[in-house]
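Just below is one structure, and these are the notes that go with it.
The values are calculated or read from the model by the stated rules, or taken from the named source; none is laboratory data. Because the structure is a prediction, the values reported are computed rather than measured. Positions of Cβ are backbone-derived with ideal geometry, glycine not excepted, and every protein chain shown enters the neighbour counts. Surface areas here come from the heavy atoms of the whole protein model, side chains and all, with no ligands, DNA or RNA. Shrake-Rupley method; radii C 1.70, N 1.55, O 1.52, S 1.80 Å.
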Amino acid sequence: MWRAAEGSVKPEEATVGKSTVYIRKNIHTETRISGEEKTEVWVWDEEKVPLEQWETWQKATGNAQAIADIEDALCDLSKEG
C-alpha cells in the first residue's frame, strides 16, 4: 500500500535495502511556511516491497502498464473511426 512520505533530500525512485525495496512515485517539492520562514520539502508516495516479493511485484506492475498502454491505443483507434 502506498503511503505519503517526505524529507529534505530528493529521494531515488527505488532503493534496495537488505530485506526491503522502497518504491517511490509522485516525487515533487512543496513549500512549507512556519511563521515567516519558508522551507522547501520533498514529498512523495512510497511503497515498501519485501525483497522476496520484488520479482512478483515487478511483473504485476509491468502487466498493469501493458494493459494501460493497450487501453490507450484502443481509445485512440475508436476516436479515429
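Checking the condition part of a strand (DSSP E or B), of a type in the set (D, E, K, R) and without any contact (Cβ under 8 Å) to a residue 24 or more places away in the chain, which residue from Lys48, Lys79, Lys59, Lys38 passes? Quick ask: steps written out before the conclusion?
On the way: Lys48 fails: without any contact (Cβ under 8 Å) to a residue 24 or more places away in the chain; Lys79 fails: part of a strand (DSSP E or B); Lys59 fails: part of a strand (DSSP E or B).
Unique residue meeting the criteria: Lys38.
Please state which one of Ala68, Ala5 is modelled with pLDDT under 90 and either part of a helix (DSSP H, G or I) or touching a strand residue (DSSP E or B) at 6+ places or on another chain (Cβ under 8 Å) (or both).
Going through Ala68, Ala5 in turn, the sole match is Ala68.
Restricting attention to the stretch 8-35, and to residues there that are of a type outside the set (Ser, Thr, Tyr) and assigned to a loop (DSSP other than H, G, I, E, B), which single residue is most open to solvent (accessible area, probe 1.4 Å)?
Residues of the stretch 8-35 of a type outside the set (Ser, Thr, Tyr): 9-14, 16-18, 21, 23-28, 30, 32-33, 35.
If we keep only those that are assigned to a loop (DSSP other than H, G, I, E, B) too, we end up with 9-13, 17-18, 35.
Details: Val9: 102, Lys10: 122, Pro11: 21, Glu12: 126, Glu13: 132, Gly17: 30, Lys18: 202, Gly35: 71 Å².
This residue is Lys18.
On the given criteria, is Lys25 more than 13 Å from Glu6 (Cα to Cα) and either among the basic types (Lys, Arg) or touching a residue at least 24 places away in the same chain (Cβ under 8 Å) (or both)?
When the stated conditions are applied, Lys25 does not pass them.
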